[in-house]
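**Student:** Pasting in a structure now, in structure tokens, and then I'll have a few things to ask.
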Amino acid sequence: MTLHLNRIGAAAAVALGLGMLQPAAFAQTTPPPQQQVPNQGPKTLQRPTAGPTPTNAELQHFAHAALDVQSIRQAAQPQISKAKSPDTRTQLQKAAEQKMEAAVRSHHLSLHRYEQIAMVAETDSSVRAKLVKLMQKPASS
């Protein structure tokens, strides 16, 4: 689940086009070095490949989803940072991840497609420009 959390946060950061956002959803997603588990074999984390060029409707859905994801991330990060135990931190991270995934789905995108659009935005300046423009418009709902 943490992998989706990181991807969703990274996708939101890409879409926002702000260098000050961290690429991962939460700064404390990775456990401290003494708690890290050694590599356990062939489990490799693969980024989704960029899919087909998103339609205007998909870009609009993505922009709204990214704003929601950013809002959820910003609300959850202080609570996660202040968690007194690793178990509490994990529970808070999972809850935030579920909210972010639900936010993406509520905007008519699968998590996979959301990640693909983020990849396209990373490499295609015209798509990125459209997203930035869409995200600067006031919400019309």
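Taken together, the values in this text are just the output of simple stated rules run on the coordinates, not laboratory data. For clarity, every value in this text was computed on a predicted model and none was experimentally measured. Counting neighbours? That spans all protein chains shown, and the Cβs are built from the backbone with ideal geometry, glycine included.
**Student:** So which GluC sites (Glu not before Pro) in segment 93-127 are both in a DSSP loop and have at most 14 other Cβ atoms within 10 Å of their Cβ?
**Tutor:** Taking segment 93-127 and a limit of 14 other Cβ atoms within 10 Å, no loop GluC sites (Glu not before Pro) are found.
**Student:** Subtract the Cα-Cα distance of residue 98 and residue 124 from 0.36 nm times their separation in residues, and report this length gain in nm to one decimal.
**Tutor:** Gain on stretching residue 98 to residue 124: 6.5 nm.
**Student:** Continuing with this model, one more query. Where a ≥ b ≥ c are the square roots of the eigenvalues of the C-alpha gyration tensor, would you call segment 67-141 rounded, which needs a/c under 1.5, or, failing that, prolate if a/b is larger than b/c, or oblate?
**Tutor:** prolate
**Student:** Mind listing which trypsin sites (Lys or Arg not before Pro) in segment 54-141 are in a DSSP loop and have 16 or fewer other Cβ atoms within 10 Å?
**Tutor:** In loop regions of segment 54-141 (DSSP not H, G, I, E or B), the sparsely surrounded trypsin sites (Lys or Arg not before Pro) are 84.
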